[in-house]
1. Can you tell me which residues in the range 386-409 are free of Cβ contacts under 8 Å to residues at least 24 places away in the same chain and either among the polar types (S, T, N, Q) or out of contact with any Pro (no Cβ under 9 Å at 6 or more places or on another chain) (or both)?
2. Hey, among P370, P348, P352, which residue is touching a strand residue (DSSP E or B) at 6+ places or on another chain (Cβ under 6 Å) and open to solvent by 60 Å² or more (accessible area, probe 1.4 Å)?
3. Could you tell me whether the range 170-185 includes any residue that is basic (K, R), within 19 Å of C34 (Cβ to Cβ), surrounded by 15 or more Cβ atoms within 10 Å (Cβ to Cβ) and modelled with pLDDT of 85 or more?
4. Just checking, how many residues over the range 320-344 are more than 28 Å from the chain's Cα centre (by Cα) and open to solvent by less than 50 Å² (accessible area, probe 1.4 Å)?
5. Kindly indicate the residue of the range 273-286 that is open to solvent by less than 30 Å² (accessible area, probe 1.4 Å) and farther than 17 Å from M80 by Cα and also modelled with the lowest pLDDT among those meeting that condition.
6. Under 7 Å between Cβ atoms, at least 6 apart or on separate chains: pull out the pairs that start in the range 348-367 with a residue that is more than 13 Å from V243 (Cα to Cα) and modelled with pLDDT under 85 and end on any residue that is open to solvent by 60 Å² or more (accessible area, probe 1.4 Å) and not polar (S, T, N, Q).
7. Tell me yes or no: at least one residue of the range 167-178 is over 18 Å from S402 (Cβ atoms) and of a type in the set (D, E).
8. From (1) surrounded by 15 or more Cβ atoms within 10 Å (Cβ to Cβ); (2) at pLDDT below 80, pick out the condition that doesn't hold for L209.
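The values are calculated or read from the model by the stated rules, or taken from the named source; none is laboratory data. This structure is a prediction, so every number in the text was calculated from the model and none was measured. In this analysis, Cβ positions are derived from the backbone assuming ideal geometry, glycine residues included, and neighbour counts consider all displayed protein chains. With ligands, DNA and RNA removed, areas are computed over all heavy atoms of the protein, side chains included. Shrake-Rupley method; radii C 1.70, N 1.55, O 1.52, S 1.80 Å.
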Amino acid sequence: MGFTKTIKNIWSVEDLRKRLGITLLLVLIYRFGCYVVLPGINPNELIALKNFTSDGLMQLLDMFSGGAFSQASIFALGIMPYITASIVIQLLGMVLPSFQKMQREGESGRMKLNQYTRYLTVIILIMQGPAYLLNLKYQVQAAGGLVEFNFWSIAFMTIVLAAGSMFIMWLGEKIDQKGIGNGISFIILIGIIARLPHAFLEEFQSRLLNSTGGGLVIFLLEIVILLAVIAGAVLLVQGTRKVPVQYAKKVVGNRQYGGARQYIPLKVNAAGVMPIIFAQAIMFIPITLVGFSTDHTGFFGALTDMYGFWYNLTYFVMIVAFTYFYTAITVRPQQMAEDMKRNNGFIPGIKPGKPTVEYLDSIMSRITLPGSIFLGIVAILPAIAHVLGLNRSFAQFFGGTSLLILVGVILDTLRIIEGHLLMRHYDGLMKDGRIKGRTTGQGAF
């Protein structure tokens, strides 16, 4: 009854109804484009490419593109070039004074950074397009198919691929403006969800056929474990440590300001999924090096087995290290202490200035440790699930980047919907409190 009432409340809000309808329409356009194959490509000859994208980094890229990567679609490069460009611009904003200045300029600075991000996205697309086409040619020919590219056909298809990715960016911006939630994050979410029914059905069929492995009992146990992992991911995304801040009284004229106590929410996982992305990029260096060699043994050979012990141990340690690194450059206790002092605020029992900085830094160090360990465990859970017998497609939903994005974007979207309902004096989506999303204004990455 409560769910039905919530749906009626959502439908009764005209602005919310329009936004949900526009979002659905743009998502359908995106999903339709994922099945439009590049000109000159026979869809029946893409079996080798689908096998190539069934594991490792290629599987992750294919998941983020909603299957367009393995189908040689006009959307094959997906939104990842834009994500890569955004990460580069974000890192430049941490080390270059000119980019730091633009970050502090408000809306005008944000528009400049967005423009630089688009330019860098086009450059990345121009480089990735030919690489994707040459790999497509190799995979199809290795499977006995026929596909021929010359310079002009590669140039033409690169333009098509670049236009497809830029069109996806445009769809994301329209969802931002007229739809619900962060458009880019929502498109990534749709790409991940699009793979879930097939992976779910494949795992279900494998358990039915495996009569000696427990059958449906094991499958139901897997679903329960998956729900528990999702609950843990929700805690990781929402977890915060609140630091009390007391504001001193300030009298201006006949009015008194301040005197109230507020709280600074310090996130347990302030780095988000960035440590996983950094660690994953580095862990594919040994795979690339071994790919050029006929000797797959030794140290680098051990690091190429994505389901092996040494690969996942190294991967786990790197995620913990990158979590501390990324948290250190994004959460700045010095700036927080200066802002508190500027607004006549202080932490009870802690002197302003350097002691406040040291106190905030010590708290961040303590809460980052369990957050980084849990993030590392979530990252290697797909490998553990696969080793325990789950198929690779279904195992990907037991952790890693896909699960964190899935949980984070859904929470943000529900929070926005709840905000629309509460603003118009309707009940929220939860009876026991407000839905907590991630940090406001951030996308999936």
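1. Going through the range 386-409, the residues free of Cβ contacts under 8 Å to residues at least 24 places away in the same chain turn out to be 388, 395.
Hit for the range 386-409 is L388, nothing else.
2. Working: P370 fails: touching a strand residue (DSSP E or B) at 6+ places or on another chain (Cβ under 6 Å); P348 fails: open to solvent by 60 Å² or more (accessible area, probe 1.4 Å).
Going through P370, P348, P352 in turn, just one is touching a strand residue (DSSP E or B) at 6+ places or on another chain (Cβ under 6 Å) and open to solvent by 60 Å² or more (accessible area, probe 1.4 Å): P352.
3. Yes, the conditions are met somewhere in the range 170-185.
4. Residues that pass the stated criteria total 2.
5. P286
6. Pairs found: P352/K341; P352/F346.
7. Yes.
8. (1)
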